[in-house]
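Input: a single structure, listed below in C-alpha coordinates.
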Amino acid sequence: EALGYEVAAYGLGRWHGVGIVSREGLSDVVRGLPGEPQFDGASEARAIGATCGGVRVWSVYVPNGREPENPHYAYKLEWLEALRSLVASEVSDGPFAVLGDFNVAPTDADVWDIALFAESTHVTKPERDALARLRDLGLSDVFPRPLKYDHPFTYWDYRAGNFPNNKGMRI
(Lines give C-alpha, C1' and ligand atoms only; values in the text may rest on other atoms or scores of the structure.)
Protein backbone atom coordinates (compact mmCIF):
# COMPACT_ATOMS: atom_id res chain seq x y z
CA GLU A 1 0.00 0.00 0.00
CA ALA A 2 2.92 2.35 0.71
CA LEU A 3 3.92 1.92 -2.96
CA GLY A 4 0.54 3.08 -4.24
CA TYR A 5 -1.31 -0.23 -4.54
CA GLU A 6 -4.69 -1.15 -3.14
CA VAL A 7 -4.91 -4.66 -1.75
CA ALA A 8 -7.83 -7.01 -1.26
CA ALA A 9 -7.08 -10.40 0.28
CA TYR A 10 -9.07 -13.40 1.38
CA GLY A 11 -7.51 -16.07 3.56
CA LEU A 12 -8.71 -18.15 6.45
CA GLY A 13 -5.37 -19.11 7.95
CA ARG A 14 -5.03 -22.40 6.09
CA TRP A 15 -3.10 -23.42 3.01
CA HIS A 16 -5.23 -21.57 0.49
CA GLY A 17 -5.98 -17.92 -0.07
CA VAL A 18 -6.32 -15.37 -2.86
CA GLY A 19 -5.74 -11.69 -3.37
CA ILE A 20 -5.83 -8.82 -5.83
CA VAL A 21 -3.30 -5.99 -5.90
CA SER A 22 -4.06 -2.96 -8.10
CA ARG A 23 -2.70 0.51 -8.84
CA GLU A 24 -6.02 1.32 -10.52
CA GLY A 25 -7.98 1.05 -7.28
CA LEU A 26 -10.41 -1.59 -6.10
CA SER A 27 -14.18 -1.45 -5.82
CA ASP A 28 -17.02 -3.94 -5.46
CA VAL A 29 -14.78 -6.42 -3.62
CA VAL A 30 -16.41 -9.82 -3.09
CA ARG A 31 -14.84 -12.66 -1.10
CA GLY A 32 -15.99 -16.14 -2.05
CA LEU A 33 -18.40 -17.31 -4.74
CA PRO A 34 -22.18 -17.10 -4.41
CA GLY A 35 -23.47 -20.58 -3.66
CA GLU A 36 -20.00 -22.10 -3.41
CA PRO A 37 -19.80 -25.57 -1.88
CA GLN A 38 -18.08 -26.29 1.40
CA PHE A 39 -15.57 -29.02 2.11
CA ASP A 40 -15.85 -30.91 5.39
CA GLY A 41 -18.47 -28.38 6.50
CA ALA A 42 -16.23 -25.34 6.03
CA SER A 43 -15.76 -22.64 3.44
CA GLU A 44 -12.36 -22.26 1.83
CA ALA A 45 -10.76 -18.98 0.73
CA ARG A 46 -10.56 -19.70 -3.00
CA ALA A 47 -12.03 -16.70 -4.85
CA ILE A 48 -11.97 -12.94 -4.60
CA GLY A 49 -13.41 -10.49 -7.08
CA ALA A 50 -12.98 -6.75 -7.56
CA THR A 51 -13.34 -4.08 -10.19
CA CYS A 52 -9.99 -2.54 -11.10
CA GLY A 53 -9.96 0.41 -13.49
CA GLY A 54 -13.20 -0.68 -15.12
CA VAL A 55 -12.21 -4.36 -15.44
CA ARG A 56 -13.97 -6.98 -13.33
CA VAL A 57 -11.26 -9.34 -12.07
CA TRP A 58 -11.60 -12.63 -10.21
CA SER A 59 -8.57 -14.25 -8.61
CA VAL A 60 -9.17 -17.96 -8.04
CA TYR A 61 -7.41 -20.93 -6.52
CA VAL A 62 -9.40 -23.94 -7.74
CA PRO A 63 -9.35 -26.93 -5.36
CA ASN A 64 -6.71 -29.53 -6.21
CA GLY A 65 -9.04 -32.51 -6.09
CA ARG A 66 -6.34 -34.78 -4.63
CA GLU A 67 -7.36 -37.92 -6.54
CA PRO A 68 -10.48 -38.89 -8.50
CA GLU A 69 -11.81 -41.18 -5.73
CA ASN A 70 -11.31 -38.60 -2.98
CA PRO A 71 -14.30 -36.48 -1.79
CA HIS A 72 -12.15 -33.42 -2.54
CA TYR A 73 -12.43 -34.26 -6.26
CA ALA A 74 -16.23 -34.04 -6.18
CA TYR A 75 -15.85 -30.79 -4.23
CA LYS A 76 -13.53 -29.49 -6.95
CA LEU A 77 -16.12 -30.18 -9.66
CA GLU A 78 -18.88 -28.54 -7.57
CA TRP A 79 -16.63 -25.55 -6.96
CA LEU A 80 -15.90 -25.20 -10.69
CA GLU A 81 -19.65 -25.21 -11.35
CA ALA A 82 -20.13 -22.41 -8.79
CA LEU A 83 -17.38 -20.47 -10.60
CA ARG A 84 -19.09 -21.09 -13.94
CA SER A 85 -22.37 -19.73 -12.54
CA LEU A 86 -20.62 -16.62 -11.24
CA VAL A 87 -18.85 -16.02 -14.56
CA ALA A 88 -22.11 -16.49 -16.47
CA SER A 89 -23.73 -13.80 -14.32
CA GLU A 90 -20.93 -11.22 -14.74
CA VAL A 91 -19.09 -11.83 -18.02
CA SER A 92 -21.40 -9.73 -20.19
CA ASP A 93 -21.24 -6.67 -17.89
CA GLY A 94 -17.99 -5.36 -19.45
CA PRO A 95 -14.27 -6.16 -19.49
CA PHE A 96 -13.77 -9.32 -17.45
CA ALA A 97 -10.92 -11.63 -16.40
CA VAL A 98 -10.59 -14.76 -14.28
CA LEU A 99 -7.01 -15.40 -13.24
CA GLY A 100 -5.24 -17.81 -10.96
CA ASP A 101 -4.48 -21.46 -10.35
CA PHE A 102 -7.10 -23.59 -12.07
CA ASN A 103 -5.50 -26.94 -11.16
CA VAL A 104 -6.60 -28.35 -14.55
CA ALA A 105 -4.30 -29.08 -17.49
CA PRO A 106 -6.46 -28.19 -20.52
CA THR A 107 -4.79 -30.70 -22.88
CA ASP A 108 -2.36 -33.61 -22.74
CA ALA A 109 0.35 -31.27 -24.07
CA ASP A 110 0.01 -29.25 -20.86
CA VAL A 111 1.78 -31.89 -18.75
CA TRP A 112 5.33 -33.06 -19.22
CA ASP A 113 4.35 -36.75 -19.51
CA ILE A 114 0.67 -37.57 -19.85
CA ALA A 115 1.32 -41.26 -19.18
CA LEU A 116 2.30 -40.37 -15.62
CA PHE A 117 -0.87 -38.33 -15.08
CA ALA A 118 -3.48 -40.43 -16.91
CA GLU A 119 -5.17 -41.66 -13.70
CA SER A 120 -4.65 -38.46 -11.71
CA THR A 121 -6.49 -35.25 -11.09
CA HIS A 122 -5.79 -32.22 -13.27
CA VAL A 123 -6.28 -34.21 -16.51
CA THR A 124 -9.61 -36.04 -16.13
CA LYS A 125 -12.41 -35.51 -18.60
CA PRO A 126 -14.82 -34.03 -15.99
CA GLU A 127 -12.23 -31.42 -14.93
CA ARG A 128 -11.38 -30.53 -18.52
CA ASP A 129 -15.08 -30.35 -19.41
CA ALA A 130 -15.67 -27.96 -16.48
CA LEU A 131 -12.84 -25.74 -17.70
CA ALA A 132 -14.22 -25.84 -21.25
CA ARG A 133 -17.65 -24.75 -19.96
CA LEU A 134 -15.94 -21.65 -18.51
CA ARG A 135 -14.31 -20.86 -21.86
CA ASP A 136 -17.65 -21.42 -23.60
CA LEU A 137 -18.99 -18.38 -21.73
CA GLY A 138 -16.74 -16.18 -23.86
CA LEU A 139 -13.45 -16.43 -22.00
CA SER A 140 -10.13 -16.95 -23.78
CA ASP A 141 -7.32 -19.09 -22.48
CA VAL A 142 -4.17 -16.96 -22.23
CA PHE A 143 -0.93 -18.86 -22.72
CA PRO A 144 2.12 -17.65 -20.81
CA ARG A 145 5.38 -17.41 -22.67
CA PRO A 146 7.72 -20.31 -21.97
CA LEU A 147 10.21 -19.49 -19.24
CA LYS A 148 13.39 -21.53 -19.44
CA TYR A 149 12.24 -24.26 -21.81
CA ASP A 150 9.95 -24.70 -24.82
CA HIS A 151 6.67 -25.40 -22.94
CA PRO A 152 4.69 -22.68 -21.15
CA PHE A 153 4.35 -24.61 -17.90
CA THR A 154 3.10 -22.73 -14.84
CA TYR A 155 3.84 -25.33 -12.13
CA TRP A 156 6.74 -27.65 -11.29
CA ASP A 157 6.80 -29.88 -8.22
CA TYR A 158 9.46 -28.16 -6.13
CA ARG A 159 9.84 -31.20 -3.86
CA ALA A 160 11.11 -33.35 -6.72
CA GLY A 161 13.43 -30.79 -8.35
CA ASN A 162 11.27 -30.79 -11.47
CA PHE A 163 11.98 -27.24 -12.65
CA PRO A 164 15.58 -27.91 -13.74
CA ASN A 165 14.32 -30.98 -15.64
CA ASN A 166 11.33 -29.17 -17.23
CA LYS A 167 8.87 -31.63 -15.70
CA GLY A 168 5.98 -29.24 -15.32
CA MET A 169 2.32 -28.61 -15.95
CA ARG A 170 0.29 -25.72 -17.32
CA ILE A 171 -2.54 -25.50 -14.82
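Write down the accessible area per residue of region 48-171 in Å², having rolled a 1.4 Å probe over the full set of protein chains. Let's see the in-between values first.
Values: 6440 Å² over 124 residues.
Accessible surface, normalised per residue, equals 52 Å².
For the chain, the share of accessible area belonging to carbon and sulfur comes to 52 percent (1.4 Å probe, ligands and nucleic acids excluded). Run the helix sum for the chain: -39,500 (n - 2.57) per DSSP H stretch of 4+ residues, divided by residue count, reported at 222 nm to the nearest 500 deg cm²/dmol. -6500 deg cm²/dmol, from helical runs alone. About the centre of its Cα atoms, region 11-79 shows a dipole size close to 240 debye [charges on the beta carbon of Lys, Arg (+1) and Asp, Glu (-1) only; nearest 20 debye]. Counting only lysines at least 8 places from LYS125 when in the same chain, those with an alpha carbon closer than 19 Å to its own are LYS76.
Counting only GluC sites (Glu not before Pro) that DSSP places in a loop and that have at most 11 other Cβ atoms within 10 Å, the longest clean stretch of the chain runs over 2-68. Only aspartates and glutamates eight or more places from LYS148 in sequence, or on another chain, were considered; those with a Cα closer than 16 Å are ASP110, ASP157.
In angstrom, the C-alpha Rg and Dmax of the chain are 16.5, 48.
The Cα center of region 36-57 and the Cα center of region 115-171 differ in position by 22 Å. Considering only chymotrypsin sites (Phe, Trp or Tyr not before Pro) in DSSP loops that have at most 14 other Cβ atoms within 10 Å, the longest stretch of the chain without any of them is 16-148.
Using alpha carbons only, how many degrees (0 to 90, rounded to 10) separate the axis of helix 71-90 from the longest principal axis of the chain? Result, in degrees: 40.
The values are calculated or read from the model by the stated rules, or taken from the named source; none is laboratory data. None of the values given here were measured: they were computed from a predicted structure. As a convention, Cβ positions derive from the backbone with ideal geometry for all residues, glycine included, and neighbour counts pool all protein chains shown. Surface areas here come from the heavy atoms of the whole protein model, side chains and all, with no ligands, DNA or RNA. Shrake-Rupley method; radii C 1.70, N 1.55, O 1.52, S 1.80 Å.
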